[in-house]
């Protein structure tokens, strides 16, 4: 497989496709700092703005992580040298490789070339993968883990939505208040409560941002099915409810989504109204541990370059 599209939705090329851009950048014979090297190699590779902006779950840029694999493999194979920490230059062997392989490598070719320089444990992992599949999995191990976590999160998010949509209205209203308190609204004392009921005035919950309740955030929560998007009229009613209690801040949370008209209206009113749809709701619940619990924790390690300086 020459790309990862079937396994990971990304515009960033696999790391073997970035060998030539990295070595071509170093081919000017000067030493480049890691960050400058990545920026220039991205230009050589003609990476789109979207590709340059892709981030891993850890927050790092995906293209920089993959170029980091080029540096690591290239250094072990003698194509690249590291004169000082964080700075890289091409070797004679690297110049020779670049001259012989102007079109670069696909993943299979890269594996054959670099495998002799990999630690024995890494060779065993790759060989085991090949025995289990006719298609070579060309995603780096860290990205395989992150892709697996993403798929687990997507599955849990869907389960959360199903539970929330089938729950009693008061349960859902309490759940969103709990979420906002977990996010830090209401302070250490968690000053928030569910209102609800027939005389709630169009709001389902309130959070006091200060101890005296001088500044309040009002909440509206609606359990809607997928596709039953909330329109402008519903948001207008919520803004009216905020005005009725003299509030300037509101959060409208739904298990569906909002129409463009609703979002435009929310952005145009004087009151600060935040709209949270189903995707953002489940993301926040997972991130802040509301309705979910950690099953397993894994630690990914890497070499501490400073230790070996």
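General observations
- Nearest-ten-degree value, helix 169-182 long axis tilted from longest Cα axis of the chain: 50
- Residue order, fewest to most beta carbons within 10 Å, for 118, 15: 118, 15
- Degrees between helix 120-132 axis and first principal axis of the chain (Cα, 0 to 90, nearest 10): 70
- The eigenvalues of the Cα gyration tensor, multiplied by 5 and square-rooted, give the chain an equivalent ellipsoid with semi-axes of 51, 21, 18 Å from largest to smallest.
- Counting neighbouring Cβ atoms within 10 Å and putting the fewest first, the residues 288, 107 line up as 288, 107.
- Cα gyration tensor shape for the stretch 33-74, rounded if a/c is under 1.5, else prolate or oblate: oblate
- Efficiency of FRET from Cβ geometry, residue 36 and residue 214, R₀ 41 Å, rounded to 0.05: 0.20
- Antiparallel content of DSSP bridges confined to the chain, in %, to 5: 50
- Rounded to the nearest 10 degrees, the angle from helix 34-44 to the longest Cα principal axis of the chain is 90 degrees.
- Two-decimal Rg to Rh for the stretch 160-287 - Kirkwood Rh, Cα set: 0.94
- Of the residues 269, 300, the one with the fewest other Cβ atoms within 10 Å heads the list, and the complete ranking is 300, 269.
- Overall, the anisotropy analysis places the stretch 252-309 in the prolate class: the square-rooted eigenvalues a ≥ b ≥ c of its C-alpha gyration tensor yield a/c not less than 1.5, with a/b exceeding b/c.
Taken together, the values in this text are just the output of simple stated rules run on the coordinates, not laboratory data. What you are looking at is a predicted structure, and each value in this text was computed from that prediction instead of being measured. Positions of Cβ are backbone-derived with ideal geometry, glycine not excepted, and every protein chain shown enters the neighbour counts.
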